Amino acid sequence: MAWISLSKVLLFIFGLTYLFGDHFNKRHNYDSENLWTSKIVLAILIVFSLSLLWTDSDLDTALLVLVKHSKLLEIVLLIRLIRTAQEARIGMTAFVAGQTILLLSSWLLAVGIPIPWATINPIGRYVVFSSYLDQSIIFATSAAIFWHLRSDHLWPNWLGILLCSAALINALLLLEGRTGYAVATAVISLAAMWAMPKRLRLATLIATPIIVLFGLYLGSSQVQVRLSTIIHESQNYSEQVETASSSGWRLNAWHRSVQAIEESPWFGHGVGSWTMTVKRHQGNSATKVFGEGKTSNPHQEYLLWGVELGIGGSLLLLSLIICIARDALRFNTSTSRTILSVLGAMAVACLFNSSLYDALMGDYFCVALGLLMALGLKSNPSTSDHSTSVKSLHPLKAST
């Protein structure tokens, strides 16, 4: 992790140098300049950097958190650095190969075969590296990539179906991540919607989550236990303000975050300020609840940005999601649906975790989106006709 963190600092420095060099040397990439995603990412990083002027945090912590937020630059770098459709396909294939190795490793653990590269003491069963939380979200999101890009001739149709099924079963039935259940439900719902005739898509989008969750609850004792735990922990928090449980800690962190936003709704408390701000609102039990560190997070990305940048910060995150979705509609059907699925997974994951801020999930989402945007951009020279593309690829109106 130390080497990865150092690499991110170097990536941040290289990224700024490369983008400024492009601008001053007039090495224009007209395709990428037409993307709203690149513009909103740079705007977000500028706002976070400017908040150093008023942050309540110490400078060392603020700079560390700024680098964590700056992983969004990976999206722009991949779009700018990948020059051809062939490079984009190679990059996407390499990314999927890595996810396939991770998936197969988890299944080997599930059938009792030890693997030497697995973490010695992972959090959860059948977890290869970090925790069941990260792995379940990654598998659920990768399932959408396996599924939608199978029609783009990046891998055989049968292989895409097999890997998608293995990833969803792993996330829903083997792992314990409740956010993973939500993400898997979201990507299944989108895939089901696109598989239906136009007149049935909205109804399918509404009905599928209910059917999936109801089926999981009836068919899986693990899902029953995990969902029942959420209800029990939430009730304990409402009655006793109990923060030792996962749900209780989240609810308390969200409550303190809202208090912090109410305190400074327009400009926020500055980058890196979340931990010290909520500790101040928590009072005497702050260290017990939030620990000794200075770079924790509320396990909710929208609130994290709201505390650091005010209401405008939460709106910036929503703007990022909207801009990526808008750009995705320019591309061919398979790439567009893949991006929208990954984006939907990210948006759902951010409701229950600080998924972009996180060192593992954040890099996963940024690299996946950057590669997919590059694939869509370089594979479709006609994407400059934006209005036609948006009309033909609208997720509720496009033909199957």
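The values are calculated or read from the model by the stated rules, or taken from the named source; none is laboratory data. Everything numeric in this text was worked out from a predicted model, so none of it was measured. Cβ atoms come from the backbone with ideal geometry, glycine included; neighbour counts cover every protein chain shown. For accessibility, only protein heavy atoms count, side chains too; no ligands or nucleic acids. Shrake-Rupley method; radii C 1.70, N 1.55, O 1.52, S 1.80 Å.
Before moving on, here are some points about what is shown:
- Descending semi-axes in whole angstrom, ellipsoid equivalent of region 142-262, from the Cα gyration tensor: 33, 17, 15
- Compactness of region 139-196 was expressed as the Cα radius of gyration divided by 2.2 N^0.38 Å, which yields 1.09.
- Using a probe of 1.4 angstrom and keeping all protein chains present, the accessible surface of region 223-337 works out to 43 square angstrom per residue.
- Of the DSSP H helices in the chain, those whose Cα atoms cover at least 20 Å axially and whose Kyte score averages 1.6 or more: 36-50, 201-219, 311-328
- For the chain, the pair-distance distribution built from all alpha carbon pairs, in bins 10 Å wide starting at 0, is 5, 21, 31, 28, 13, 2, 0 percent.
- Virtual spin-label span in nm between Ile311 and Leu227, 7 Å along Cα→Cβ: 3.5 nm
- Accessible surface of the chain [probe 1.4 Å, protein heavy atoms]: carbon and sulfur percent: 67 percent
- Applying both filters, DSSP loop and at most 13 other Cβ atoms within 10 Å, to the chymotrypsin sites (Phe, Trp or Tyr not before Pro) of region 1-107 gives Trp54.
- Per residue solvent-accessible surface (Å²) - region 38-128, probe of 1.4 Å: 49 Å²
- Over 27 Å apart at the Cα level, from the set Lys39/Lys378; Lys8/Lys294; Lys8/Lys288; Lys39/Lys294, are Lys8/Lys288; Lys39/Lys294.
- Loop-resident sites, region 289-332, for GluC sites (Glu not before Pro), counting at most 13 other Cβ within 10 Å (DSSP): Glu292
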